[in-house]
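Let me begin by presenting the structure, written as structure tokens, before commenting on it.
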Amino acid sequence: RRPLNNNARRPRRVHLIIPPLVALAKKNEELYIPDKKNPLILSADSPALYLFQRMRDEAHRFAIGFYRQTHRKKAVKSKLDEIPGIGPKTKKKLIQHFGSVRKIQQVSETELSDLVGNKTAKIIMDMLG
């Protein structure tokens, strides 16, 4: 324990040159550094290459997750979202019962009012035409 504590108190000087930006090509796992003509090629078992691969893969995973999340929200939007007084619960109830906005447009106001009430049915009919 004592050697560990002694070493922890001593500042270590590590001389690393870390460029502000690098690109890791996926095909040959080559590291491209700005203003350098040729890529840096690290050995396949290099811990540094492993670190760069993990950072690239994590950044890629994060970007894909964000893309999917934003596009999922857009895909769920419908004309029902634009109707005042129609919240998520009513929207869900309508879609589960009728299947789609197009089918809601084809039903009578009476059939619609049986599910959501007269006032809401009238608003839906007026808004969906």
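Read-outs: derived from the displayed coordinates by stated rules, not from any lab. The model shown is predicted, which means the values in this text are computed figures rather than measured ones. Cβ: placed from backbone, ideal geometry, glycine included. Neighbour counts: every protein chain shown.
Counting other Cβ atoms within 10 Å, which trypsin sites (Lys or Arg not before Pro) in region 15-97 have at most 15 and lie in a DSSP loop? Could you put the intermediate results ahead of the total?
Details: sites: Lys26, Lys27, Lys36, Lys37, Arg54, Arg56, Arg61, Arg68, Arg72, Lys73, Lys74, Lys77, Lys79, Lys89, Lys91, Lys92, Lys93; in loops: Lys26, Lys27, Lys36, Lys37, Lys77.
Filter output for region 15-97: Lys26, Lys27, Lys36, Lys37, Lys77.
Could you name the lysines whose alpha carbon sits less than 20 Å from that of Lys36, not counting residues in the same chain fewer than 8 places away?
Within the straight-line limit of under 20 Å, Lys36 reaches these lysines: Lys26, Lys27.
How much net charge surrounds Gly87 when only the other residues with a Cβ under 13 Å from the Cβ of Gly87 are counted, with Lys and Arg +1 and Asp and Glu -1? Intermediate results must be reported in sequence, preceding the final value.
On the way: positive: Lys89, Lys91, Lys92, Lys93; negative: Asp81, Glu82.
Taking every Cβ under 13 Å from that of Gly87, the sum is +2.
For the chain, calculate the relative contact order in percent as a whole number, restricting contacts to Cα pairs under 8 Å that are 6 or more residues apart. The partial results should precede the final answer.
Numbers: 68 pairs, mean separation 14.4, N = 129.
Reported as a whole number, the value is 11 percent.
Can you list residues whose amide H is under 5 Å from Glu30's amide H, if they're 5+ apart or on another chain and H is modeled 1.01 Å from N?
Placed amide hydrogens put Ala25 under 5 Å from Glu30.
What's the magnitude of the charge dipole for the chain around its Cα centre, counting Lys and Arg as +1 and Asp and Glu as -1 at the beta-carbon? Answer in Debye, nearest 20.
The calculation lands at about 800 debye.
Specify the residue with the greatest mean-square fluctuation among Leu21, Leu40, Leu51, computed from a Gaussian network of the chain linking alpha-carbon atoms under 10 Å apart.
Leu21
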